[in-house]
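Encoded as structure tokens, the structure appears first; notes follow it.
The values are calculated or read from the model by the stated rules, or taken from the named source; none is laboratory data. Because the structure is a prediction, the values reported are computed rather than measured. FYI the Cβ positions are ideal-geometry reconstructions off the backbone, even for glycines, and counts take in every protein chain you see.
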Amino acid sequence: MPWLLGRNVLETSCLSRVVVSLGIEVVVEGLTKEFGRQTIWRDVTLTLPEGEVSVLLGPSGTGKTVFLKSLVGLLKPEEGRVLIDGVDMVNDRDRDVFEARKRFGLMFQDGALFGSMPLFDNIAFPLREHTRKKEQEIRRIVLERMEMVGLGGEERKLPGQISGGMRKRAGLARALVLDPEIILCDEPDSGLDPVRTAHISQLLIDVNARIDATMLIVTHNIDIAATVPDNIGMLYRRDLVAFGPREALLTSDEPAVLQFLHGDTRGPIGMSEEKDAALLAAEAADTAGPARTRRTIEIPPQLRPTPGMPPRQGEHRHSLRVDEMLPRLSYPAQQAIWANRNHPQEGGRNGAN
Ligand SMILES: Nc1ncnc2c1ncn2[C@@H]1O[C@H](COP(=O)(O)OP(=O)(O)OP(=O)(O)O)[C@@H](O)[C@H]1O
Ligand SMILES: [Mg+2]
């Protein structure tokens, strides 16, 4: 199975291959989204660094899916900009946004496969829709991506004839066919058992190692958040409460972040996202206390590519960036960063996909 995909590869000889191009950064500035009188989030500013893997957390209904759709221009925020290599996905002409959208791979929350189409045609769909490639070339690309996500030999199956985990991987294969420079995954783990969740985590890291795409993964799964990304952000109460190195968020003592990481009923997040003031006050008076205030979460080492994969270039660039910000991070975050760096580099804890 080839290591690296077309655009990213310069063949220097039949044996050696060198990565020559990178994922591109996504710059989000002052983004505000409203539906009628409902503000979903406001003034969101962050940069997804090129080739790094980031996770977006947040209670249900905080607008994570709306955020992903806004990045690709499928939804139009009322204010702000999303810059992809000079194209503003919010304000530029439809034609430019449509072209820029081809640089993205999208893995939707529900897989979004066409039920009556075999997997092969589902995965070939973006190539037939967005390119003029010949069927022979389409076949080569589709089979290569299916092999990559462990679906080799399943081309003729319909989505209804395969498991939920396979459908997720088919969604990822489809997100990969256009050689995306940016990959957005909306809950790649939902509905998966812990073993398959571990496999998909490893797959995401391996994909990043292979193609160096900039990745944003929306998830509720704390194991994924703790082990996969370089950076984590969290949406809460219409704001981006944090975005930074994985270790900074995992050691944060922000009450909403702590509550979310611990899956605690105590704290500012309620069933309808925000608790009302009366309930919060009652909790505060409770002897059990309103919310956890100490860091108790174990920070595992970050997943590394499966042995035999190329090293992640994004990881290298991330550590250079983090070096610069290290003095400004909290002491627990600094400790966690050093512990991760000093951890043996065995890689591929989850085994093969
Ligand atoms: N097209 C739309 N028109 C009006 N309101 C919408 C639209 N799409 C989403 N919303 C609203 O925006 C809010 C955020 O929805 P979104 O699907 O982004 O949440 P989420 O954070 O992805 O939640 P979950 O974790 O459950 O997937 C919800 O209140 C939803 O009802
Ligand atoms: Mg969602």
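Odds and ends about this structure:
- Extreme residue, nearest to M309 (Cα to Cα), among residues of region 187-207 that are among the charged types (D, E, K, R) and either within 16 Å of ligand 2 (Cβ to nearest atom) or modelled with pLDDT of 85 or more (or both): D206
- Tally of residues being more than 9 Å from ligand 2 (Cβ to nearest atom) and either in contact with an Asp or Glu (Cβ under 6 Å, 6 or more places away or on another chain) or among the acidic types (D, E) (or both) across region 51-78: 5
- Boolean, G164 is out of contact with any Phe, Trp or Tyr (no Cβ under 8 Å at 6 or more places or on another chain), under 24 Å from L56 (Cβ atoms) and loosely packed, with under 15 Cβ neighbours inside 10 Å: yes
- Among residues of region 29-50 being in contact (Cβ under 8 Å) with a residue 12 or more places away in the chain and within 16 Å of ligand 2 (Cβ to nearest atom), the one that is farthest from R81 (Cα to Cα) is I40.
- Failed item in (1) within 23 Å of S116 (Cβ to Cβ); (2) assigned to a helix (DSSP H, G or I); (3) not charged (D, E, K, R), with L151 passing the rest: (2)
- When we screen S70, S116, S60 for residues that are in contact (Cβ under 8 Å) with a residue 24 or more places away in the chain and assigned to a helix (DSSP H, G or I), the only hit is S70.
- Considering (1) more than 21 Å from the chain's Cα centre (by Cα); (2) among the charged types (D, E, K, R); (3) modelled with pLDDT of 90 or more, the lone condition that R317 does not fulfil carries the number (1).
- Of all residues in region 13-39 being at pLDDT 95 or above and in contact with a helix residue (DSSP H, G or I) (Cβ under 8 Å, 6 or more places away or on another chain), the one that is farthest from G314 (Cα to Cα): K33
- When each of F260, F243 is tested for being under 24 Å from F104 (Cα atoms), at pLDDT 80 or above and among the aromatic types (F, W, Y), the lone residue that passes is F243.
- Criterion (of a type in the set (F, W, Y) and more than 18 Å from the chain's Cα centre (by Cα)) met by exactly one of F104, F98: F98
- Criterion violated by T131 - all others in (1) among the β-branched types (V, I, T); (2) farther than 26 Å from G36 by Cβ; (3) under 22 Å from the mean Cα position of the chain (by Cα) satisfied: (3)
- Residue in region 285-299 that is modelled with pLDDT of 80 or more and at negative phi present: yes
- Candidate set from region 75-97 (those that are among the hydrophobic types (A, V, I, L, M, F, W, C) and without any contact (Cβ under 8 Å) to a residue 24 or more places away in the chain); member that is nearest to ligand 1 (Cβ to nearest atom): M89
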